[in-house]
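The values are calculated or read from the model by the stated rules, or taken from the named source; none is laboratory data. From a predicted model like this one, the values you see are computed outputs, not experimental measurements. Here Cβ is always computed from backbone atoms with ideal geometry, including for glycine, and neighbour counts include all displayed protein chains.
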Amino acid sequence: MENKFKEKRGIVSGPIWSDWREQLRESELVGLHQRLEKLEREILLDWLQWHDPKGNYTDRKCIENGVQQLSKLKAVAYIHKEILRIHMKRSYNDFSNAHAQLIFNN
């Protein structure tokens with residue numbers, strides 16, 4: 001029996017729904033710090049814990065491990081630094097790949 005939905009699934013190449021944390025990770029750098037400052041502290045801590053599951057970011061994990069709780073300012077700084085690092089790594093990889101393509105094509 002033929003699956004009539006099989007061909008429709010092939011049209012969608014990526015996920016239809018994207019997590020808000022992934023959207024934040026992939027967001028533009030222009031105005032990033034201001035956007036982060038507008039978010040609530042708990043949302044920032046949730047992003048940090050999602051990004052680094054072994055870290056101590058949420059209040060509960062900080063209390064369990066005897067670590068001082070993060071302030072909103074530190075959470076904003078950590079996230080901003082991490083997203084900058086992600087973008088820098090991506091642009092370096094894009095540059096390296098383009099350079100390698102030029103070498104192999106010539």
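Of note:
- Positions within the stretch 23-69 being surrounded by 13 or more Cβ atoms within 10 Å (Cβ to Cβ) and under 20 Å from Met88 (Cβ atoms), in sequence order: Leu24, Arg25, Ser27, Leu32, His33, Arg35, Leu36, Trp47, Leu48, His51
- Taken as a whole, the condition of being in a helix (DSSP H, G or I), in contact with a helix residue (DSSP H, G or I) (Cβ under 8 Å, 6 or more places away or on another chain) and at pLDDT below 90 does not apply to Leu102.
- Test: residue in the stretch 75-94 that is under 20 Å from Asp19 (Cα atoms) and of a type in the set (Gly, Ala, Ser): yes
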